[in-house]
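Taking it in order: structure first as structure tokens, then the write-up.
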Amino acid sequence: MTPSYKFSDAKSLPFWFTTVPVTADCAPASQDATYDLAIVGGGFTGLWSALKARERNPDAKIAVLEGKRCGQDASGRSGGFCAPSISHGASNALTRHPSEAETLIRLGQENLDDFARDLERYEIQGEFEQAGKLNVATTPWQIEGLHSMAQNYSRFGIAHELLVGDALKEKLDSPVYSAGLFEPSYGLVNPAKVVSELRRVCLAQGVEIFENTPVTSLKRDDDMMGVQTPSAYIRAKQVILATNSAKPLLKRLSMSFIPIYDYSLMTETLSEEQWASIGWLGSHGIADSGNQFHYFRKTADNRMLWAGFDAIYYYGSDRNDELLQRPESFALLADQFVLAFPTLADVKFDFKWGGIIDTSARTTFFSGLAHRGQVAYAMGFTGQGVTASRFAALTMLDRLGSFNTERTRLKMPRRFAIPFPPEPLRSAAVKLAQKSLAQEDATGKRGGFLKLLDTFGIGFDS
Ligand SMILES: Cc1cc2nc3c(=O)[nH]c(=O)nc-3n(C[C@H](O)[C@H](O)[C@H](O)COP(=O)(O)OP(=O)(O)OC[C@H]3O[C@@H](n4cnc5c(N)ncnc54)[C@H](O)[C@@H]3O)c2cc1C
């Protein structure tokens with residue numbers, strides 16, 4: 001059982017929030033107004049949409065309507081792993097989207113390169129580093145999984161390195177992990193800094209940002225769209241919905257994803273000796289290979305983020321700020337931390353928080369148009385949206401502009417998002433899927449229920 005001193009100083013908020021300068025909220029929308037483009041949601045997806053729309057049209061009147069403060073939800077709470085992928089990895093592209101896997105893999109890498117270029121171009125101080133990611137395995141079947149991942153990578157020319165023994169210990173020395181696959185192309189950012197910097201750049205580029213401005217409804221208004229907020233009615237020629245895991249404003253999307261809660265711990269600052277005791281000398285991020293997986297990484301001030309494993313669904317797709325704290329998940333994470341890093345058994349945690357993942361049954365984002373092509377949406381990132389959100393923003397702008405691009409020709413974002421059933425079936429199905437995934441982690445055998453889901457291209461991930 002986790003001793004209580006481990007959490008005695010732990011603050012119940014995302015560590016990342018404490019690393020950004022405190023600035024005043026943008027004023028809420030208080031007057032009726034008309035815009036060329038209104039963007040609902042001020043996370044990565046909404047802010048990239050605003051910035052890219054500005055690049056395309058320097059004179060457009062653009063508004064971001066954010067219900068809280070930009071970056072308070074998933075974007076500012078995330079692990080900050082920057083995947084060279086828009087398809088939840090190469091293996092997922094191959095399994096679920098074989099006919100365009102090669103294109104998806106290439107576009108994923110290009111998107112990460114362009115993401116890095118954009119950060120540089122706009123002088124976004126987001127602690128971006130192309131530090132790589134190490135995938136580690138504990139069981140024989142996870143090791144087999146790493147080998148098949150390596151085969152896929154070789155096929156598509158993705159740089160990687162299989163590591164065991166001393167080579168692994170040079171990247172991570174833990175009694176729990178016996179093999180690894182290193183992917184050098186992965187990046188890492190401080191997610192709250194990136195979102196706060198994107199907000200700064202958007203404001204500097206003349207984008208109007210309204211915070212504490214929840215959009216309550218959306219309707220047609222002659223040839224425009226009408227966007228209702230508590231204190232202003234906004235008319236816009238086009239609307240982008242970048243609301244991620246929130247209850248969608250379009251009814252048709254209400255079954256397309258479910259909110260899954262994911263929890264994180266941040267340690268106190270670790271000394272060089274402590275890092276050396278676990279062989280983690282580089283700045284790469286790490287994730288383990290189970291269906292229920294941990295992701296862990298260093299911060300600029302030498303703390304360790306230790307997160308994941310539990311993926312909690314609350315009955316009725318409940319979304320509630322109180323659920324962002326879950327003592328049982330924090331205690332489990334703390335116990336698992338000691339198993340993975342016995343030399344760090346006395347380390348304390350300074351921060352604990354949760355975040356909501358917009359889990360789509362296809363495990364990749366989907367995007368589409370509504371209201372005669374005047375409204376675009378993109379969501380369902382399923383835990384891999386730090387870089388994919390940029391690609392999704394460009395996809396929405398392409399589609400609103402009726403452009404024929406490689407992005408709009410992709411089938412993956414347009415493919416029907418298999419709906420989750422209504423309650424009480426939804427809870428039962430999620431429970432069964434989670435039980436089956438845990439069983440597979442324990443035995444290496446994929447049970448009948450998961451095989452059935454595979455047949456329909458349905459995944460369950462976080
Ligand atoms: C704990 C956690 C860890 C993660 N780790 C990683 C990772 O390491 N790497 C990775 O690639 N991905 C990760 N992800 C996923 C990634 O963070 C998301 O996919 C990405 O941030 C999505 O960005 P977004 O802008 O679409 O959503 P959000 O950041 O959630 O932004 C949506 C915004 O819309 C606003 N909003 C919603 N409804 C309304 C409304 N009606 N009116 C006005 N505003 C509204 C919300 O307030 C919110 O600010 C993680 C997610 C979580 C939760």
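The values are calculated or read from the model by the stated rules, or taken from the named source; none is laboratory data. Quantities reported herein were computed from a predicted structural model and do not represent experimental measurements. Virtual Cβ from ideal backbone geometry, glycine too; neighbours counted across all protein chains shown.
Observations on the structure shown:
- Some residue of region 369-392 being more than 11 Å from the ligand (Cβ to nearest atom), within 21 Å of A74 (Cα to Cα) and β-branched (V, I, T): no
- The set of residues in region 354-365 being of a type outside the set (G, A, S) and either more than 14 Å from the chain's Cα centre (by Cα) or more than 16 Å from the ligand (Cβ to nearest atom) (or both) consists of R362 alone.
- Test for S283: is it away from the ligand (no atom under 12 Å from the Cβ) and touching a residue at least 24 places away in the same chain (Cβ under 8 Å): yes
Here's the yes/no breakdown for (1) within 27 Å of N190 (Cα to Cα); (2) more than 14 Å from the ligand (Cβ to nearest atom):
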position: L253; (1), (2): no, no
position: S264; (1), (2): yes, no
position: G279; (1), (2): yes, yes
position: F296; (1), (2): yes, no
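- Counting only residues that are of a type in the set (V, I, T) and either closer than 21 Å to V20 by Cβ or within 18 Å of the chain's Cα centre (by Cα) (or both), region 106-138 holds 1 of them.
- Scanning region 310-369 for residues that are in a loop (DSSP other than H, G, I, E, B), β-branched (V, I, T) and under 21 Å from W16 (Cα atoms) yields one hit, V347.
- Any hit, region 92-112, residues being crowded, with 20+ Cβ neighbours inside 10 Å, β-branched (V, I, T) and assigned to a loop (DSSP other than H, G, I, E, B): no
- Lone unmet requirement of (1) under 23 Å from A307 (Cα atoms); (2) small (G, A, S); (3) within 16 Å of the ligand (Cβ to nearest atom) for A340: (3)
- Scope region 14-60; condition more than 16 Å from the ligand (Cβ to nearest atom), polar (S, T, N, Q) and under 23 Å from D221 (Cα atoms); matching residues: Q31, T34
- Counted residues, region 301-321 - those being over 24 Å from A438 (Cβ atoms), touching a Lys or Arg at 6+ places or on another chain (Cβ under 9 Å) and in contact (Cβ under 8 Å) with a residue 60 or more places away in the chain: 1
- Here T243 fits the description: within 13 Å of the ligand (Cβ to nearest atom) and in a loop (DSSP other than H, G, I, E, B).
- The set of residues from region 421-432 being touching a Gly at 6+ places or on another chain (Cβ under 9 Å) and assigned to a helix (DSSP H, G or I) comprises R426, S427.
- Filtered residues of region 313-352 (kept if among the acidic types (D, E) and either surrounded by 14 or more Cβ atoms within 10 Å (Cβ to Cβ) or at positive phi (or both)): D350
- Tally, over region 207-228, of residues that are surrounded by fewer than 13 Cβ atoms within 10 Å (Cβ to Cβ) and away from the ligand (no atom under 11 Å from the Cβ): 4
- Only one of the numbered conditions (1) touching a residue at least 60 places away in the same chain (Cβ under 8 Å); (2) more than 16 Å from the ligand (Cβ to nearest atom) is violated by F351, and that is (2).
- Residues of region 445-462 that are at pLDDT 75 or above and of a type in the set (S, T, Y): T455 alone.
- Of the criteria (1) under 23 Å from T139 (Cα atoms); (2) within 16 Å of the ligand (Cβ to nearest atom); (3) not in a loop (DSSP other than H, G, I, E, B), which one Q292 fails: (3)
- Residues of region 257-308 that turn out to be over 21 Å from W16 (Cα atoms) and among the acidic types (D, E), as a count: 3
- Checking H97 against (1) touching a strand residue (DSSP E or B) at 6+ places or on another chain (Cβ under 9 Å); (2) under 22 Å from Q384 (Cβ atoms), the condition it does not meet: (1)
- Residue satisfying all of: in region 61-78; in contact with a strand residue (DSSP E or B) (Cβ under 8 Å, 6 or more places away or on another chain) and more than 6 Å from the ligand (Cβ to nearest atom); nearest to V215 (Cα to Cα) among these: V64
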